[in-house]
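Encoded as structure tokens, the structure appears first; notes follow it.
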Amino acid sequence: MRRQVLEALEEPACEHSTNENLKVCARPKPGQASGGCSFDGAQIALLPIADAAHLVHGPLGCSGNSWEGRGSLSSGPHLYQYGLTTDLKESEIIFGGEKKLREAIGEIMERFSPPAVFVYSTCVTALIGDDLEAICREETRKWGVPVIPVNSPGFVGSKNLGTRLAGETLFQYVIGTSDPPETTPYDINLIGEYNIAGEMWEIKELLDKVGIRILSRITGDGRFQEIRWAHHAKVNMVVCSRALINLARKMEEHYQIPYFEGSFYGAGETGSSLRKIAGLLKDRELERRVEELIQEEEKKLHRDLLQYRPVLKGKKVVLYTGGVKSWSVISALQELGMEVVAVGTNKSTQEDIARIKERVGADTELIDEGGSGSILKAVRSKKADMMIAGGRNMYVALKEKIPFLEINQERHTAYAGYTGLKRLAKHIAHTLSHPVWQLAHKKAPWCEGWADDR
């Protein structure tokens, strides 16, 4: 495990490899896990594999991501949404939890017959020394089904580091272990697209129109079998920032699959990503079809957005999210005519921050500290009209009577692609023009002499 963690911290494809002042990714400091630990990151990356069983080896409290805990949707199996855990008690923590882990794996096999079981280590089981790899190896032989260790206990680092360790797990144990029934010249993998609220389905619809096939979904709405043959793809697109960049880099080195980082938030980013895929597939006819699709979709989008533009034009927004959304959503908001006056960067990589700066003006404030106080300060100082952030900031916005839109992994609305941008415009316009904000800023009836007038 130590070797895997060090490799993830020193990932050559990360921006640290080209920055002399940053030799490796920052090591965690006490308290930083409040924004998501490595165990959380590994689960986020692997849980969307819908037909696999995901077993948390640790105390019950570590298994917080259970039924509908996240917005990743499945078009079929729902085994991934079960909160499976070994539920270790004090006695197992003292004397070891290996027996209980074997019993849990056996129960899962007999009850669900999954194609694979991912077993997640936690801080407790890593510290007491349970040999996860040896147990998984023996259980694989016993049942004839892959039982895969995910060595990413929370104390080793941040959520992003955990996501990389999950990518390492896929590369080491899953990818390259099977072959697809057939291949085409237009097979690609989507890496780091988690099908939040069904966004991957919007993307797939676009790709289908021009004949590009998603060979492996890694991991939104994914199936274990299709990820095993991901090494046959012609192009890898890394959708979610650089969290799984190590997986894309290793697949390029071992299987000669070129990769690029892209986004589907906003018309400009969507068009750019489609063009890059077609360019890497090196097919002139495909490039022509992609250009036709982009022109057709943008023309339709322009017509659909006309009704929302009067409400959105010139409105100031504070954007507080992380990862790829921190820069790609900026482009989407600007296309809607809005002004991004502050952006959260505390979970962004150095490259994310560089992309943010390319898209905003010098007057835009970069919020590099977490916490509601920093966001509210930016809203007030910039006189913002609304806040777009993760769900944990929703109640802060409501208490302060600030129009709010949730755009995090727990959301239930898809905003990717051309259809997603139209949906985003509709929701922002409705949020800004809702009459509740006029009522909320009025004095309460008992403060206006309401009782005396009766």
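The values are calculated or read from the model by the stated rules, or taken from the named source; none is laboratory data. Given the structure is predicted, the values throughout are model-derived calculations rather than measurements. Note that we place each Cβ from the backbone using ideal geometry, even for glycine, and neighbour counts take in every protein chain shown. Note: accessible area is taken over every heavy atom of the protein model, side chains too, but ligands, DNA and RNA are not part of it. Shrake-Rupley method; radii C 1.70, N 1.55, O 1.52, S 1.80 Å.
Being over 20 Å from the mean Cα position of the chain (by Cα), surrounded by 21 or more Cβ atoms within 10 Å (Cβ to Cβ) and at pLDDT 90 or above holds for only one residue in LEU46, LEU88, and it is LEU88.
Quick grid of which residues meet (1) closer than 20 Å to GLU339 by Cα; (2) of a type in the set (A, V, I, L, M):
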{"site": "ILE375", "(1), (2)": "yes, yes"}
{"site": "ILE388", "(1), (2)": "yes, yes"}
{"site": "GLU400", "(1), (2)": "no, no"}
{"site": "ARG411", "(1), (2)": "no, no"}
{"site": "GLY420", "(1), (2)": "yes, no"}
{"site": "TRP437", "(1), (2)": "no, no"}
{"site": "HIS441", "(1), (2)": "no, no"}
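Every condition in (1) assigned to a helix (DSSP H, G or I); (2) crowded, with 18+ Cβ neighbours inside 10 Å holds for ILE388 except the one numbered (1). Restricting to region 49-69, what's the tally of residues that are touching a Phe, Trp or Tyr at 6+ places or on another chain (Cβ under 8 Å) and at pLDDT below 90? Matching residues across region 49-69 total 3.
Only residues that are within 30 Å of LEU301 (Cβ to Cβ), open to solvent by less than 80 Å² (accessible area, probe 1.4 Å) and not in a helix (DSSP H, G or I) were counted in region 396-434, giving 14. Among all positions in region 108-117, there is no residue which is surrounded by 19 or more Cβ atoms within 10 Å (Cβ to Cβ), of a type outside the set (Ser, Thr, Tyr) and without any contact (Cβ under 8 Å) to a residue 12 or more places away in the chain. Within region 226-246, does at least one residue satisfy the condition of being touching a Gly at 6+ places or on another chain (Cβ under 9 Å) and on the phi > 0 side of the Ramachandran plot? Checking region 226-246: at least one residue is touching a Gly at 6+ places or on another chain (Cβ under 9 Å) and on the phi > 0 side of the Ramachandran plot. From the list GLU252, GLU298, the lone residue that is in contact (Cβ under 8 Å) with a residue 12 or more places away in the chain, among the charged types (D, E, K, R) and more than 19 Å from THR419 (Cβ to Cβ) is GLU252. Note on region 91-105: residues that are assigned to a loop (DSSP other than H, G, I, E, B) and either within 11 Å of HIS57 (Cα to Cα) or modelled with pLDDT of 95 or more (or both) total 1. For region 335-343, the criterion of a residue being of a type in the set (D, E, K, R) and crowded, with 16+ Cβ neighbours inside 10 Å is satisfied by at least one position. Scanning region 70-85 for residues that are open to solvent by 60 Å² or more (accessible area, probe 1.4 Å) and touching a residue at least 40 places away in the same chain (Cβ under 8 Å) yields LEU73, SER75. Residues in region 367-385 that are free of Cβ contacts under 8 Å to residues at least 60 places away in the same chain and either open to solvent by 60 Å² or more (accessible area, probe 1.4 Å) or on the phi > 0 side of the Ramachandran plot (or both): 6 in all.
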